[in-house]
1. So for the stretch 131-146 (the condition being within 22 Å of the chain's Cα centre (by Cα), loosely packed, with under 13 Cβ neighbours inside 10 Å and not small (Gly, Ala, Ser)), does at least one residue qualify?
2. Can you name the residue in the stretch 36-57 that is of a type outside the set (Val, Ile, Thr) and in contact (Cβ under 8 Å) with a residue 24 or more places away in the chain and is also farthest from PRO117 (Cα to Cα) among such residues?
3. List the number of the failed condition for GLN47; all other conditions in (1) over 14 Å from TRP109 (Cα atoms); (2) modelled with pLDDT of 90 or more; (3) surrounded by 14 or more Cβ atoms within 10 Å (Cβ to Cβ) hold.
4. How many residues are basic (Lys, Arg) and out of contact with any strand residue (DSSP E or B) (no Cβ under 7 Å at 6 or more places or on another chain) if we restrict to the stretch 76-102?
5. Here is a list of conditions, (1) farther than 30 Å from ASN72 by Cα; (2) modelled with pLDDT of 80 or more, and ALA170 meets all of them except one; can you say which number that is?
6. Out of the stretch 48-82, which residues are of a type in the set (S, T, N, Q) and on the phi > 0 side of the Ramachandran plot?
Amino acid sequence: MKTWIRNITLAWLALASSLVMAAAPPELSGMWQGKLAVDAKNSLTIQMTFTKDAKGAYTAVLNSPDNPALKNTPASGVTWDGTTLKLQVPALQGSYTAAMKGGSLEGQWTQPGGNLPLVLAPYSKPVLTKQAASQLIGGWFGKISMAGQTPTVQFRFEDDGKGGLKGTLAIPDMGANGIPLGDIEFATTISPCGFRRPTTAPSPARWRMASSRERSRCRHRVFLPKARRWN
């Protein structure tokens, strides 16, 4: 009899535990990324990073790799009930409301003047394949047009010993040499190669190599339409 009661009790405890786990809202912590279509031809990459404290409350910051001015911009009033997300970004006079659908946050970004659809999905940093890395290792140079000048820009990429790349940037004509690069990735969509200087460097900026055709579709970047190897 005692064994039977004990088994029933354990069964009820297991059921109660599973119900509690099922009722727990999905985890929001981490980075979520999406594209905000600002007009018919241009979009802005939006990243929202959520952090959960010991009491279960969330904070968030907003970034955009396409616009260095949007760097760790804090959000306020973050609420998440497992299905609906709401937050405000006072510095931008903006707000975001979204619902979880199929593992993504589908919602509206609102600022004075109107609303824009914004879908965010969990972000995973692209993995640089060995094949892609082998194509980049070495030195590259090209001319850029900026402030009425056409200085030569040089990049050097090396194996970082961790399956990725490390690199440096130099603009000898401007006395800039050995500037470290970070977050190096190889893509075939927006541009052949993208990278950015780490935030510890002065005046962080995003740099990309792109064709002339691609250049007309992008903003907040410096382009090398004819980058070539130099060793």
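1. no
2. LYS52
3. (1)
4. Matching residues across the stretch 76-102 total 1.
5. (1)
6. The one that is of a type in the set (S, T, N, Q) and on the phi > 0 side of the Ramachandran plot: ASN72.
The values are calculated or read from the model by the stated rules, or taken from the named source; none is laboratory data. None of these values were measured; they are calculated from a predicted model. Positions of Cβ are generated from backbone atoms using ideal geometry, with glycine treated the same way; all protein chains shown enter the neighbour counts.
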